[in-house]
Amino acid sequence: MSETSILLVAEIFKKSIQEVIARSCNLDVPAAKTAQIIPNVGISKEIGSFVSFDGDYSGLMVLNFEGEAALEIVTTSLKVMGMPAEDIPSHYLSDDVVNTIGELTNHIIGKARTTMQSTYDLTAHSNIPAVVPVTAPIGLVFKAATLDGNSCVRIVFRTPQNHHFHMEMTTEPSLFVPLLS
């Protein structure tokens, strides 16, 4: 991998995931101490959510959830919002789980974009996140792919009940270099 700034961007997205889930669900989701450089991004596990962003910096973020991780996060979120216990979904493929994962992904990309703008003075727009149930892993190709390949990274998180989900991200190859006044 050539030198890029993907780990700086991934750190902002990692913190955005943690902050949005803490705020929306009152859950602490620690990240692994190690980021993994991976050859490509894809949708895997039981539920995948993805969103692209484009502008001064461009990329693709994917959240892959074990079904039980998605259900734990969404169940807690719906309880925090005051949903009655009898209306809380019991299966990770329910519409409420899929829709809430999409809404959380939307909040995460919004928080990350705001942080990127305040930290690096760079802006990007994003599309509406897509959420899909996964029966077989699906590889994704980022539109700005080059012959040298994009930088791709994975960061793993775990819920309080020790269920796992992870973020995979790719960005166009770029290096952030601070300018002197």
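Here are the numbers:
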read-out: Highest average packing first - 61-69, 35-43, Cβ atoms within 10 Å; value: 61-69, 35-43
read-out: Share antiparallel - DSSP beta bridges, segment 6-171, percent rounded to 5; value: 100 percent
read-out: Rounded tilt (10° steps) of 95-120 against the dominant C-alpha axis of the chain; value: 30 degrees
read-out: Gap separating the Cα centres of segment 7-65 and segment 110-135, nearest whole Å; value: 10 Å
read-out: Kirkwood Rh and Cα Rg combined as Rg/Rh, segment 6-171; value: 0.96
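Read the figures in this text as sums done on the coordinates, not as results from a lab. All values derive from a computational prediction rather than experimental measurement. Neighbour counts run over all protein chains shown; Cβ positions are idealised from the backbone, glycine included.
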